[in-house]
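Asks: Sharing a structure below in structure tokens format, with a few things to ask.
Readers should treat all values here as calculations from the given coordinates under stated rules, not as data from a laboratory. Being a predicted model, the structure only gives us computed values, none of them experimental. Cβ atoms come from the backbone with ideal geometry, glycine included; neighbour counts cover every protein chain shown.
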Amino acid sequence: MKPSISDVQEYLSLEPLTTRIQTHQRYSEFPEDVERTVQQAVSLSEDADLLDVGCGTGAFLRNLAQRGHRGRLVGLDTSPAAVHALHDVAGVSAQLGNAMGLPYDAAAFDVVTARHMLYHVPNVRRALAECRRVLRSEGVFAAVVNRPGTTPQVSALVAELVTSAGIDIPVVPNSRVNSDNLPEMIASTFGAVAVHQYDNALVFDRPEPVIAFAAAQLSFYGVEPDSALRPELTRAIGAKVRAWFASEVGPWRDPKGYVVCTARQGQQG
Ligand SMILES: C[S@@+](CC[C@H](N)C(=O)[O-])C[C@H]1O[C@@H](n2cnc3c(N)ncnc32)[C@H](O)[C@@H]1O
């Protein structure tokens, strides 16, 4: 299998990421608020200095700043678009950088978060060691990853169409790093890990949001953002999903779930 598509390329535009996030916000069977779940998992105090690794759209840090967070808020991402998304947010600084070599002094933060980003990091253990290094004594780390095989129906549809277009599917990010293997990696870096699981499903009663969500996954299946095959594949996704809704009774229900793993600096000697 060839390696996954360049992450820098996938996140040059934040549009597919935004579509995926909005789909989870709008179409989850039970209300889903990953930001709040993470804040609760780390018992975030208003004075905590927080680093968000792989900050993406920046919504997590922006919302904290707008709610009056008093500690330092720092975002880091390999994507220039992600850094730009935070450039004018008062109370937040954002920096281009890589989780595998954090550009911060040791013991600089009280909290380090890595939400839905470790899938993309080539050396996860090195990134975890970096997160631990920049945490103060008793500082808290939180990582969010999906369960393996989350939203299987959408995944199967995209995989089938991409394969029929003759594209060699790479290792899909969520099959590389997920709730099955991340807790052990965190435990071996920090000495212990706590895992909280949140199960849910995406439920769609019409084709359009399924089509948008499926098309927003194409990069992970080896279709480059600028590939000439994209329009054709998006049409093929549309045709399949519309045919499904025409032939089935009831909504499209795709199970999903994520875990929040937390660990504390200082648990390992
Ligand atoms: C799936 S998005 C998640 C964004 C955000 N954390 C969220 O949960 O909405 C993954 C993010 O990680 C970033 N990323 C990928 N590899 C990275 C790395 N090695 N170091 C830092 N950021 C990385 C991507 O550019 C992207 O913004």
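Asks: Take the alpha-carbon centre of the range 206-229, take the same for the range 244-269, and report the distance between them in whole Å.
Replies: One Cα centre to the other: 20 Å.
Asks: Under the classification rounded if a/c is under 1.5, otherwise prolate if a/b is larger than b/c and oblate if not, where does the range 191-260 fall, given a ≥ b ≥ c as square roots of the Cα gyration tensor eigenvalues?
Replies: Oblate shape, in that a/c is at least 1.5 and b/c is the bigger or equal ratio.
Asks: Over all distinct Cα pairs, what is the inverse of the mean 1/r for the range 76-209, reported as the Kirkwood hydrodynamic radius in Å?
Replies: 17.2
Asks: Sticking with this one: Out of the range 19-108, which GluC sites (Glu not before Pro) are coil in DSSP terms and have no more than 12 other C-beta atoms within 10 Å?
Replies: Glu46
Asks: Let me know the volume per residue of the alpha-carbon convex hull for the chain, in Å³.
Replies: Cα convex hull per residue, to the nearest whole number: 118 Å³.
Asks: Whole percent per 5 Å bin, from 0 to the bin with the longest distance: what is P(r) over all C-alpha pairs of the range 71-126?
Replies: Using 5 Å bins, I get a P(r) of 4, 16, 27, 28, 18, 5, 1 for the range 71-126.
Asks: Next question, about the same structure. Please find, in a Gaussian network model of the chain (springs between Cα atoms separated by less than 10 Å), the residue of Ser137, Ser164, Ser93 whose mean-square fluctuation is greatest.
Replies: Sorting by GNM fluctuation, first place goes to Ser164.
Asks: Net charge within 13 Å of Arg126 by Cβ-Cβ distance, Lys/Arg positive one each and Asp/Glu negative one each, not counting Arg126 itself?
Replies: +2
Asks: In nm, give the distance between the simple-model label positions of Asn181 and Glu29, each being 7 Å from the Cα along the Cα-to-Cβ direction.
Replies: It is 2.8 nm.
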